[in-house]
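Any read-out appearing in this document is the output of simple, stated calculations on the displayed coordinates, not a laboratory observation. These numbers were taken from a predicted model, which means no experiment stands behind them. Cβ coordinates were reconstructed from backbone atoms using ideal geometry, including for glycine residues, and neighbour counts include every protein chain displayed.
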Amino acid sequence: MITPVRRPQSPTRPTTVAYAPQTDTARIDTTWNYAANVGYRVGREGRVAVGVSYWHRDSTTRVFRGYDNLRVGTTMTFGF
């Protein structure tokens, strides 16, 4: 939970609001990550790869903070 903290008002500047985080000891967030990457060497200094990762998150106190997500990506590297 984030709570606003008010600073004293100055006649020359508008009032700003800073946010100070509060710790919640009952909150437990659990995150799992599984990933795999397969690549192919191109010549002596190049590589092309495809990667897949799966993310899962649960939260005990926050609504809509959990997620399941599958990500697929590619990479290409080359040395000079």
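Taking the mean number of other Cβ atoms within 10 Å as a proxy for protection, how do you rank 35-46, 50-61 from highest to lowest?
With the highest mean Cβ count within 10 Å placed first, the list reads 50-61, 35-46.
Stretch Val48-Leu70 to full length: gain in nm at 0.36 nm per residue minus the Cα-Cα span?
In short, 5.9 nm is gained.
Please give the contour-minus-distance gain from Arg41 to Arg57: 0.36 nm per residue of separation, less the Cα-Cα distance, rounded to one decimal in nm.
In short, 2.3 nm is gained.
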